[in-house]
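This is the structure, below, for whatever I ask next.
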Amino acid sequence: MSTGSRRLDAVRIIEAKRDGRELDDDEVDWIIDAYTRGIVPPEQMAALAMAVYFRGLSGRELARWTAAMVASGTRLDLAGLERGGRLVPTVDKHSTGGVGDAVTLVLTPLLATWNVAVPQVSGRGLGHTGGTLDKLEAIPGWRADLDADGMRRILRETGAVICAAGGDLAPADRALYALRDVTGTVPSIPLIASSIMSKKIAEGTGALVLDVKCGSGAFMTDRYDAEELARAMVGIGTDAGLRCGALVTAMHTPLGRAVGNALEVAECVEILAGGGPADMIDLTCALAEEALRAVGIIDDPRPRLADGRAMDSYRAMIRAQGGDPDAPLPVAPHVETLRAPADGVLRWDALGVGRGSWLAGAGRTRPGEAVDAAAGVMLARVEGDRVRAGEAVATVHASDAARLAGAVDELGSALTVADEPGRGPAGAVLGRLRGW
Ligand code: URA
């Protein structure tokens with residue numbers, strides 16, 4: 001393949017990255033485009049992904065790599081969006097994924113109570129971390145698929161939309177992510193950063209707050225890696241013209257008490273009704289404040305959770321996508337209780353609880369698999385609570401009784417009761433970064 005007088009070929013690009021040379025813009029543009037169009041075969045792209053895994057990408061390469069992934073599809077244009085006849089800014093948040101993290105379900109309608117629009121393009125869960133769309137699909141009638149016109153219409157009407165990425169949103173990322181998943185190249189900071197940011201830039205939001213999770217239940221278990229990922233993503237967003245910031249937040253233990261699709265929706269409804277767990281409320285409000293600041297609004301979100309404005313916004317958002325916010329959520333027919341093995345202070349390991357919920361049926365092993373909306377884990381006692389031997393500390397919920405024993409075993413191994421103090425709540429803000 002030649003661009004102008006230059007010949008480009010995949011082998012030379014792989015060798016260059018393997019040997020630590022910086023790729024130029026033409027090389028990056030060509031390889032991403034050629035792979036997306038099936039001209040470069042998966043074995044060559046896999047070799048390049050592995051070279052990037054070991055050699056990394058410079059700031060310039062990373063910006064170009066992400067731009068090429070955005071350019072592989074359509075970039076939604078949400079500038080000029082109006083609500084009630086007034087032009088509104090767009091703002092969104094993205095979490096790198098954790099256990100019990102249903103913040104999007106509360107934060108999206110909460111933000112829409114101001115004069116902003118929230119175009120939240122979300123994904124499904126894979127492995128132990130849940131996906132926002134799986135959670136919302138526990139609500140009878142709710143649909144994730146919207147085209148660009150449908151998304152704009154709902155944004156104008158309600159200010160909030162949570163939907164699946166359309167087929168033309170960063171198709172290069174879809175192809176590359178599937179390849180990374182089977183070649184051991186998912187945990188690469190530049191590849192994660194470009195993957196997430198290409199989708200967020202393509203969805204058309206003008207401002208973005210990132211929740212970069214850190215701890216056993218997150219992609220990044222190490223604080224310094226989480227901060228590096230946050231810097232990489234904020235850098236990409238800022239280069240692309242977004243008002244972009246990030247919070248690095250704790251994910252050593254689950255967020256809230258519910259882990260699993262319908263269980264998490266029920267917990268979010270409790271928060272929208274003015275109750276719910278403090279760690280979820282604190283993180284939701286910290287992210288809301290940050291998102292609002294990015295569009296020039298300084299305000300306290302808490303009153304809007306307490307007085308029902310966020311609940312009204314949530315109900316409108318769910319109805320606009322075919323859901324019935326009053327319909328009963330699925331309930332699992334099989335429930336087993338886990339009890340404390342001793343007296344002491346309790347700790348839950350986020351990864352183990354996530355895996356317990358996944359084994360109960362809440363998650364999937366392969367893309368496209370169905371999930372059990374009712375399955376999951378409900379924590380009766382949380383990190384730092386003092387418990388007595390024999391006290392009920394959690395329940396495991398499953399529609400398939402055969403799944404219970406494995407899930408309970410996994411959950412048991414996530415539990416420690418000792419004389420040491422708890423490690424503090426999930427969602428605690430460990431770092432903050434603003435590109436604006
Ligand atoms: N989520 C994404 O969208 N991409 C990654 O690479 C990792 C998490």
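From the square roots a ≥ b ≥ c of the eigenvalues of the alpha-carbon gyration tensor of the range 80-229, which class results: rounded (a/c under 1.5), prolate (a/b over b/c), or oblate?
In terms of gyration-tensor shape, prolate.
Can you give me the C-alpha center-to-center distance between the range 284-313 and the range 196-258, rounded to a whole angstrom?
First find each Cα centre; the distance between them is then 19 Å.
Oh, and also: Cut-off 20 Å, label point 7 angstrom out along Cα-to-Cβ of ASP168: give me the residues of the range 194-211 whose amide nitrogen falls inside.
198-206
Take every Cα pair under 8 Å in the chain that's 6+ residues apart, average their separations, divide by the length, and report that relative contact order as a whole percent.
Reported relative contact order: 19 percent.
Check ALA170: other-chain or 5+ apart residues with amide H under 5 Å from its amide H, H built from backbone geometry?
Correct list: GLY73, THR74.
So what is the calculated 222 nm ellipticity per residue for the chain, using -39500 (n - 2.57) for each DSSP H run with n of 4 or more, over all residues, to the nearest 500 deg cm²/dmol?
-12500 deg cm²/dmol
Which helices, taking whole DSSP H runs in the chain, have alpha carbons extending 20 angstrom or more along the helix axis plus mean Kyte-Doolittle at least 0.0?
Helix filter hits for the chain: 278-294.
Once you have the Cα-Cα distance between ASP26 and ALA327, take 0.36 nm times their residue separation minus that, and quote the gain in nm to one decimal.
Contour length minus Cα-Cα distance gives 103.0 nm.
A follow-up question, please. Could you compute how much accessible surface MET378 exposes when probed at 1.4 Å, giving the result in Å² to the nearest 10?
60 Å²
If you roll a 1.4 Å probe over the heavy atoms of the protein chains, what accessible area per residue do you get for the chain, in Å²?
39 Å²
Magnitude of the Cβ-charge dipole of the range 334-418, K/R +1 and D/E -1, about the Cα centre, nearest 20 debye?
Here the range 334-418 has a charge dipole of around 80 debye.
Of GLN321, GLN120, GLN44, which is the most mobile in a GNM of the chain whose springs link Cα atoms less than 10 angstrom apart?
Ranking GLN321, GLN120, GLN44 by mean-square fluctuation puts GLN44 first.
Give the long-range amide H neighbours of VAL371: residues separated by 5 or more places, or on another chain, with amide H under 5 Å away, using H modelled in the peptide plane at 1.01 Å from N.
none
What full-extension length gain, to one decimal in nm, is calculated for ASN115 and ALA79 as 0.36 nm per residue of separation minus the Cα-Cα distance?
11.5 nm
Still on this structure, please answer the following. Computed FRET efficiency, Cβ-Cβ of GLU336 and VAL182, R0 45 Å: what is it to the nearest 0.05?
After rounding, the FRET efficiency stands at 0.85.
For the range 334-418, list log₁₀ I(q)/I(0) at each q in 0.15 Å⁻¹, using the Debye formula over Cα point scatterers of equal strength and ignoring solvent, two decimals each.
Calculated log10 I(q)/I(0) at the listed q: -0.50.
Let me ask something additional. Skipping prolines and chain starts, which residues have an amide H placed within reach, meaning under 5 Å, of the one on ALA160, given they are 5 or more residues away or on another chain?
VAL118
State the three equivalent ellipsoid semi-axes of the range 2-71, derived from the C-alpha gyration tensor as the square roots of 5 times its eigenvalues, in descending order and whole Å.
16, 14, 13
Could I ask something else about it? How big is the chain along each principal axis, measuring the range of its Cα positions in Å and listing the largest first?
75, 51, 36
So for the chain, taking the charge dipole from beta-carbon charges (+1 Lys/Arg, -1 Asp/Glu), which of MET220, ALA250, LEU107 sits furthest toward the positive end?
LEU107
Enumerate by residue number the GluC sites (Glu not before Pro) in the range 360-436 meeting two conditions: DSSP loop (anything except H, G, I, E, B), and at most 13 other Cβ atoms within 10 Å of the site's Cβ.
Sites meeting the loop and neighbour criteria: GLU369.
The values are calculated or read from the model by the stated rules, or taken from the named source; none is laboratory data. Quick caveat: nothing in here was measured; it's all calculated off a predicted structure. Note: ideal-geometry Cβ built from the backbone for every residue, glycine included; neighbour counts use all protein chains shown. Side chains are part of the model used for accessible areas, which takes the heavy atoms of the whole protein and leaves out ligands, DNA and RNA. Shrake-Rupley method; radii C 1.70, N 1.55, O 1.52, S 1.80 Å.
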